[in-house]
Amino acid sequence: MGHVVLSTPIVTMFVVYSLLMLYIGFYFYKQNETTEDYFLGDRSMGPIISALSAGASDMSGWLLMGLPGALYVGGLINSHIAIGLSLGALINWVFVAKRLRIYTSVIANSITISDYFETRFSDDKHILRLISAFVILIFFIFYISSGLVSGAKLFEATFGIQYTYALSIGTLIIVSYTFLGGYRAVCWTDLIQGLLMMSALIVVPIVMIIHLGGIGEGIKIIREIKPENLSFLQGSSIVAIISSLAWGLGYFGQPHILVRFMSIRSIKDVPKATTIGISWMVISLIGACAMGLLGVAYAHKFDLSLEDPEKIFIVMSQLLFNPWITGILLSAILAAVMSTASSQLLVSSSTIAEDFYATIFNKNAPQKLVMVISRLSVLGVACIAFFISTDRNASILSIVSYAWAGFGASFGSVILFSLFWSRMTRIGAIAGMLSGASTVILYDKFGKSFLDIYEIVPGFIVASIAIVVFSLFSSVRAGTKEAFETMLKEIKEIESLKH
């Protein structure tokens, strides 16, 4: 499949979409007076925007490119990733959101995840803040680069632009509105992007089914040419299934998702946000899986050669729709890329500005100076991610899976234990974070030759054991048990108001 001929409708839709995102950035520019405005939108986000922003910022370009590509190549066995993610997201909303919102607003005014770790364990030495800040920067730079690769592949396939130029255009748009508008701009753009992504993932598979002559016909073709693609088990080992389902563990440690819980307007909004967020996610994941699976039947029936399976959505959008609709559909990939990369850029910049500069290097820094540092940090992190993204052969799914595992193992275990176990100590948190992150890095390099399991599994297990062992052999710091009890009391009061 070669490049499409540059068409005015597609270019027009891309330009209109990009200008809309930039307008939102300019609109919210003047509303950011404090760092709490810039990083958390002054905790004023309602349930709809919180839910769709969490979903859109979570899913990234891999939802429209990486996941359909995985289903196209490997079949239904790879849908276990979608099942694991749905379960993980549901548990995260139901069990983590309320407690984290209380801890980061009622008990202490925490703006970043590193802030939360420090106040939760009364860490006056800033050790947890520094470790978590380093973990965020290391893994987010990889994660952001996966989004930039998605955007570059999109521009390259759509406009026939050279990869490096495509990468530069995508990066420039994302950095501009994040730099200007901060969290409010990111959330409002996420709302639009989330709706656009879900619509595209409903429309494209439906039109594919119509062209194939019905879903039964599509399944019949797959059964004839690649019957193994229709099996959920496919003779694969239990290890492969555990690896796919284990993606769900990553949710508990993703800073750009957890910050949505911290910014939600009220704890009372959490149940509504949960329903909206999980519904959006399940519909979108089913659409992505269906597109990848049906792509096999479509390619066979219409004799289509697909060099890069991760471009199945792009190719279908170009073949099945008129150029105006194609422009809107392809903007959905740009939306997926932008929503995640912008959220991650914002978290990374908050780490540099709040956790390093304002807390450790210049405690008396005025708000305006911290805001300047925040915006400069957005540019700095984007430049490093841009440099990593220049490798055009990188697999979007493999980059995302590595960063996802890093956060899931190093932060996920610490978040869960810190919200549900009052006996957890500062030393336990430090041990969990360090052992989780290092296990992921080392297992990815050396462990897979022994057992080819997703590195989040050993990382999460090692971190959990370290938390328990080191907590039991160290004492709880003054004030942390009282804070934990305050959180439980707040939850009980909210629950009693319901009844």
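The values are calculated or read from the model by the stated rules, or taken from the named source; none is laboratory data. On a predicted model such as this, the values are computed, not experimentally measured, just so you know. With ideal geometry, Cβ positions are generated from the backbone for all residues, glycine too; neighbour counts draw on all protein chains shown. For the accessible areas, the whole protein counts, side chains as well, though only heavy atoms, and no ligand, DNA or RNA atoms are used. Shrake-Rupley method; radii C 1.70, N 1.55, O 1.52, S 1.80 Å.
Summary of values
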| read-out | value |
| --- | --- |
| Among residues of the range 350-378, those that are touching a residue at least 40 places away in the same chain (Cβ under 8 Å) and either surrounded by 22 or more Cβ atoms within 10 Å (Cβ to Cβ) or under 19 Å from I131 (Cβ atoms) (or both), counted | 12 |
| K489, sole failed condition from (1) at pLDDT 85 or above; (2) surrounded by 14 or more Cβ atoms within 10 Å (Cβ to Cβ) | (2) |
| Yes/no for V135 being under 28 Å from S474 (Cα atoms), buried (at least 24 other Cβ atoms within 10 Å of the Cβ), aliphatic (A, V, I, L, M) and touching a residue at least 12 places away in the same chain (Cβ under 8 Å) | yes |
| Matching residues, the range 469-480, being part of a helix (DSSP H, G or I) and open to solvent by less than 70 Å² (accessible area, probe 1.4 Å) | V469, S471, T480 |
| Test for A336: is it under 19 Å from V203 (Cβ atoms) and either open to solvent by less than 10 Å² (accessible area, probe 1.4 Å) or touching a Cys at 6+ places or on another chain (Cβ under 7 Å) (or both) | yes |
| Tally of residues being over 16 Å from T12 (Cα atoms) and either polar (S, T, N, Q) or open to solvent by 40 Å² or more (accessible area, probe 1.4 Å) (or both) across the range 162-176 | 7 |
| Identity of the residue in the range 416-468, touching a Pro at 6+ places or on another chain (Cβ under 8 Å) and more than 22 Å from L258 (Cβ to Cβ), that ends up surrounded by the fewest Cβ atoms within 10 Å (Cβ to Cβ) | G447 |
| Residue identified as over 19 Å from F361 (Cβ atoms) and not in a loop (DSSP other than H, G, I, E, B) among F139, F134 | F139 |
